[in-house]
1. Out of the residues in the stretch 375-409 that are part of a loop (DSSP other than H, G, I, E, B) and in contact with a strand residue (DSSP E or B) (Cβ under 9 Å, 6 or more places away or on another chain), state the one that is surrounded by the most Cβ atoms within 10 Å (Cβ to Cβ).
2. Let me spell it out: the conditions are (1) within 16 Å of the ligand (Cβ to nearest atom); (2) surrounded by 14 or more Cβ atoms within 10 Å (Cβ to Cβ); (3) within 21 Å of the chain's Cα centre (by Cα), and residue 478 meets all of them except one. Which number is the exception?
3. Which condition breaks for residue 406 when tested against (1) within 16 Å of the ligand (Cβ to nearest atom); (2) over 18 Å from the mean Cα position of the chain (by Cα); (3) closer than 29 Å to residue 240 by Cβ?
4. What is the number of the single condition among (1) surrounded by 12 or more Cβ atoms within 10 Å (Cβ to Cβ); (2) within 32 Å of the chain's Cα centre (by Cα); (3) away from the ligand (no atom under 12 Å from the Cβ) that residue 488 does not meet?
5. Tell me, which strands (runs of 3 or more DSSP E) wholly within the stretch 140-207 include 3 or more residues that are surrounded by fewer than 20 Cβ atoms within 10 Å (Cβ to Cβ) and over 30 Å from the mean Cα position of the chain (by Cα)?
6. Quick check, is residue 325 part of a loop (DSSP other than H, G, I, E, B), more than 14 Å from the ligand (Cβ to nearest atom), surrounded by 15 or more Cβ atoms within 10 Å (Cβ to Cβ) and at pLDDT below 85?
7. Quick check on residue 381: is it modelled with pLDDT of 95 or more and within 16 Å of the ligand (Cβ to nearest atom)?
8. Please return the ranges of helices (runs of 4 or more DSSP H) entirely within the stretch 225-294 where 2 or more residues are within 28 Å of the chain's Cα centre (by Cα).
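The values are calculated or read from the model by the stated rules, or taken from the named source; none is laboratory data. Everything quoted here is computed from the prediction, not taken from an experiment. Using ideal geometry, Cβ is built from the backbone for each residue, glycine included, and neighbour counts are taken over all protein chains shown.
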Ligand code: XMP
């Protein structure tokens, strides 16, 4: 996707000072149908001018503005004549760099806090005078700079909000981007529409049209190759590229035999010959090959490495059969781009994706049409392109698949047990949450422990495997808590699993948070 073209579009720029919610800020702006990108706080002013944002948001961050080594804004930023909203550390940056005073608070504020705001001010239009906001700070603004007026306070924070209408500078000490701030979305809407004058024309349908045109232009008569995993991102890439160039696209779907029950058939139904999309679909059934390679291997890291390496190997062999390709397509999405170092919050998540870049496939260029989209935008594009809901709303699933959900050695029989138990568990949770979605966990699955124990079935003794059920609540998948699954749902799933899955006589529920545990068992 060409950068220049994107930036002709109305946009808001988020300058990243290292806060943990910075991606969320961009999400909220996009929820207002305004395109938004996150860039580092030290982005060159010339580049910012070129982007021509209609507004700039300075994010939170972990530092203290008065320390020399802390990141500061380029002073020229304040002369651009573009409205600026500072959030938390960003608010303190505005105060400090424009001549106010920031110091350590007598009492830090953390968590839900009652705030009183001046609802006659444009930033707080439609707010209730008193409402709950999310606070997380140890410094605070002691004196506002000249030209600013205080527009909000809490019992421990005399300047919870301030603004200078004339220059178009706005600041809030709290985090409007977090769901716990009751009126947070209103603040973003007020900022982007009323203050920055955005019209809100960022729509997924226009994204599809623009991308299709760009892909057509870029690919011409060339050939594109995509490794399709059946996950949301690669599926949406497949649908989007197929819309642009039809069967110039070849999708290779490597079925490593470690997918969930019926998953391979579901992917084939959607993308295969009788599916909705015009493309070349190559389904490689490599289950036997993977089981052979995994035979006798028990160490989790060894298993992951073998699965990863074999995956690339199988993919490359298929790619060789296709011959030269011009482009390799990938399902990179915006959080991957931000996390791998665009912003300062860059905690590079150790990528456990199966795949990566193949060494022996020659191609001219990579295309990543979803590079600027957040996950829920990717889902919206997927639905608009006609991918079934079931696939679009699929839970996260590790690249090495059930290989990391069978503790110890992987065998076809163990995969059968975990597939069946997992299908039952998911079905029970989905049934129970259909009319009561509030407690639906963020991720839930069954794994096969490597433990066998004694049981009794009918009049006979059994010595069979134990299934572990896992369900977690999380927003970022980096930390998580175990989900409080209603007891009746757990017992119903348990009864069905021990009755219906041959080889299993016990079911355990994993109550551990992450940390110290991880979400997956291996
Ligand atoms: P962990 O187990 O690290 O999982 O707490 C965090 C999230 O990442 C998913 N996960 C993976 N995703 N390839 C992936 O694409 C992998 O190898 C992998 N391992 C874990 C996991 O399902 C959870 O959502």
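1. Within the stretch 375-409, the first condition is being part of a loop (DSSP other than H, G, I, E, B), and the residues that meet it are 385-388, 393-400, 405, 407-409.
Subsequent filtering for residues that are in contact with a strand residue (DSSP E or B) (Cβ under 9 Å, 6 or more places away or on another chain) retains 395-397, 405, 407-409.
On the way: 395: 13, 396: 14, 397: 20, 405: 27, 407: 19, 408: 16, 409: 13.
By that ranking, first place goes to 405.
2. (2)
3. Among (1) within 16 Å of the ligand (Cβ to nearest atom); (2) over 18 Å from the mean Cα position of the chain (by Cα); (3) closer than 29 Å to residue 240 by Cβ, the lone unmet condition for residue 406 is (3).
4. Every listed condition holds for residue 488 apart from (1).
5. Working: elements: 149-153, 161-164, 169-172.
Answer list for the stretch 140-207: 149-153.
6. Considered against the rule, which asks whether it is part of a loop (DSSP other than H, G, I, E, B), more than 14 Å from the ligand (Cβ to nearest atom), surrounded by 15 or more Cβ atoms within 10 Å (Cβ to Cβ) and at pLDDT below 85, residue 325 comes out as no.
7. Details: modelled with pLDDT of 95 or more: yes; within 16 Å of the ligand (Cβ to nearest atom): no.
No: the conditions fail for residue 381.
8. Details: elements: 232-245, 263-271, 287-294.
In the stretch 225-294, the matching helices (runs of 4 or more DSSP H) lie at 232-245, 263-271.
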